[in-house]
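The values are calculated or read from the model by the stated rules, or taken from the named source; none is laboratory data. The structure presented is a predicted model; accordingly, all values stated were derived computationally and were not measured. Backbone-built Cβ (ideal geometry, glycine too); neighbour counts: all protein chains shown.
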Amino acid sequence: MSNRRMVGFLAAVLMVCLFSGLSRAGDNAQKQADNLVIFPPPPDSVRIQFLTRISTSTDITGKRSGLLRYILGEMESKPIGKPYGLAIHDGKIYICDTKLGCLEIIDLAKHSFEYFKPGGLGQLRKPINCFVDTNGYLYVADVERRQVVLFNNQNQYISSIGNPAESKPTDVFVTGDKIWVNDLESHAVKVYDKTNHDMLFTFPEADKRSPEYLYSPTNLLVTNDKVFVSDLGDFKIKTFSLEGDYLNSIGSYGRNVGQFTRPKGIALDKDENLYVVDAGFENVQVFNNSGNLLMFFGGNYQGPGFMWLPAKVVIDYDNLQYFSQYVDNRFNLKYLIMVTNQFGPDKVSVYGFVEPK
């Protein structure tokens, strides 16, 4: 065989390896029945199935096959350090990494994993939570920079929100024409105009003797008619109207189900069931819209599907196709539940809310 033909042959082999030898995360994900991690356990009806975990770039990009590994070597693996906040939008997952001082951005469609470390005016120090609006603009609550940092849909810096001398943002949420920010410094929720970033109002105006007082507001969720704030310092989830009027609270301090020791991330499904991360119990508790406990899942880490200092929970209905391969064939996948773990081998755990076929 001539040198030219040999080069062509090797090039063809390499192309085949590149397109078919690259194993993607989850190719062998379908598990046998005895290996399923499900909640609640039998004989109760299954509601939640653990699907997969994401801890390094190779969980997304996949590993090289034997021949490609022989030719090109091992693929570099980029770890997720210490995740706290998480957002998912348009097939992309944004992870706030408090250890690495950056975000990890995962493109599920392209199977790509990148560190987002902006410089200059957009430099991040300790990003703790983030939000992506309908235009793809990224808002990052940086607790050490003491500002919310805003980037456009090309990840270019636009502006920052908040006076570092007076603010310590822990979470950010965007609805319509408003930006809502949890502020640990002032024990309040600050509401800004989305266009010019002027502050519109803050709430609550209360002293420590009042039930609406926010001792340590950590996570924030805004719906069409309510604002939910997890108050780590008061062991409750507190609800307010969109005008900032106190409505009620969910939970109390204690070690029984329905109580909290370290409430953090919060999320709401379409049936208005509230999901609450408790970093002390290392689980997620689920309440109905009357505040009654429905179930919980997770628990102290025993392996995939359990939790190790969880922080954030996110519910997603739009990206089921990227995780449907993991669902047991006896179930229909209704929506995704993602939970970050600050420690342990499973940095982002992905669950599915399922129903029997």
### Task
Determine which single condition SER112 fails, assuming it passes every other condition in (1) among the polar types (S, T, N, Q); (2) free of Cβ contacts under 8 Å to residues at least 40 places away in the same chain; (3) surrounded by fewer than 20 Cβ atoms within 10 Å (Cβ to Cβ).
(2)
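Return the residues of segment 109-156 that are polar (S, T, N, Q) and closer than 20 Å to VAL174 by Cβ; say none if nothing qualifies.
In the first step, residues of segment 109-156 are kept if they are polar (S, T, N, Q); the result is 112, 123, 129, 134-135, 147, 152-156.
ASN129, THR134, ASN135, GLN147, ASN152, ASN153, GLN154, ASN155, GLN156 - these are the residues of segment 109-156 that are polar (S, T, N, Q) and closer than 20 Å to VAL174 by Cβ.
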### Query
Which ranges mark the strands (runs of 3 or more DSSP E) fully within segment 42-143 that have 1 or more residues being of a type outside the set (Ser, Thr, Tyr), touching a helix residue (DSSP H, G or I) at 6+ places or on another chain (Cβ under 7 Å) and at pLDDT 95 or above?
48-54, 102-107, 112-116
### Message
Could you go through segment 203-223 and let me know if any residue there is touching a strand residue (DSSP E or B) at 6+ places or on another chain (Cβ under 9 Å), more than 21 Å from VAL277 (Cα to Cα) and β-branched (Val, Ile, Thr).
### Response
no
### Query
Is at least one residue of segment 156-170 out of contact with any helix residue (DSSP H, G or I) (no Cβ under 8 Å at 6 or more places or on another chain), in a strand (DSSP E or B), among the aliphatic types (A, V, I, L, M) and modelled with pLDDT of 95 or more?
yes
### Task
For residues that are without any contact (Cβ under 8 Å) to a residue 24 or more places away in the chain and surrounded by fewer than 16 Cβ atoms within 10 Å (Cβ to Cβ), tally how many sit in segment 115-155.
9
### Query
How many of the residues making up segment 272-287 are under 24 Å from LYS357 (Cα atoms) and surrounded by fewer than 20 Cβ atoms within 10 Å (Cβ to Cβ)?
2
### Query
For segment 234-250, which residues satisfy the criterion of being without any contact (Cβ under 8 Å) to a residue 24 or more places away in the chain and under 22 Å from the mean Cα position of the chain (by Cα)?
THR239
### Message
Restricting to segment 280-312, name every residue that is in contact (Cβ under 8 Å) with a residue 40 or more places away in the chain and among the small types (Gly, Ala, Ser).
### Response
GLY291, GLY298, GLY303, GLY305, ALA311
### Query
What is the number of the single condition among (1) of a type in the set (Gly, Ala, Ser); (2) over 23 Å from ILE88 (Cα atoms); (3) modelled with pLDDT under 95 that GLY176 does not meet?
(2)
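Looking for whichever is of a type in the set (Ser, Thr, Tyr) and surrounded by 14 or more Cβ atoms within 10 Å (Cβ to Cβ) here; the options are THR223, THR175. Which one fits?
On the way: THR223 fails: surrounded by 14 or more Cβ atoms within 10 Å (Cβ to Cβ).
After ruling out the rest, the residue left standing is THR175.
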### Task
Write out, first by first residue and then by second, each pair whose Cβ atoms fall under 9 Å of each other, whose residues are 6+ apart or on separate chains, and whose first residue, in segment 197-216, is hydroxyl-bearing (Ser, Thr, Tyr) and loosely packed, with under 13 Cβ neighbours inside 10 Å while the second is at pLDDT 95 or above and not in a loop (DSSP other than H, G, I, E, B).
SER210/TYR246
### Task
Take segment 240-252 and flag every residue that is surrounded by 16 or more Cβ atoms within 10 Å (Cβ to Cβ) and in a strand (DSSP E or B).
PHE240, TYR246, SER249, ILE250
### Query
Of the residues that sit in segment 312-354 and are under 10 Å from the mean Cα position of the chain (by Cα) and closer than 15 Å to ILE38 by Cβ, which one is surrounded by the most Cβ atoms within 10 Å (Cβ to Cβ)?
SER349
### Message
Among the numbered criteria (1) under 24 Å from PRO42 (Cβ atoms); (2) part of a strand (DSSP E or B); (3) polar (S, T, N, Q), which one does THR340 miss?
### Response
(1)
### Task
All but one of (1) buried (at least 16 other Cβ atoms within 10 Å of the Cβ); (2) within 25 Å of the chain's Cα centre (by Cα) hold for VAL257, so report the exception by its number.
(1)
### Message
Testing GLY305 on (1) surrounded by 17 or more Cβ atoms within 10 Å (Cβ to Cβ); (2) among the small types (Gly, Ala, Ser); (3) over 16 Å from THR52 (Cβ atoms), one condition comes back false. Which one is that?
### Response
(3)
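Quick grid of which residues meet (1) closer than 20 Å to LYS270 by Cα; (2) at pLDDT below 95; (3) assigned to a helix (DSSP H, G or I):
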| residue | (1), (2), (3) |
| --- | --- |
| ALA311 | no, no, no |
| VAL314 | yes, no, no |
| GLN325 | no, no, yes |
| LEU333 | yes, no, no |
| SER349 | no, no, no |
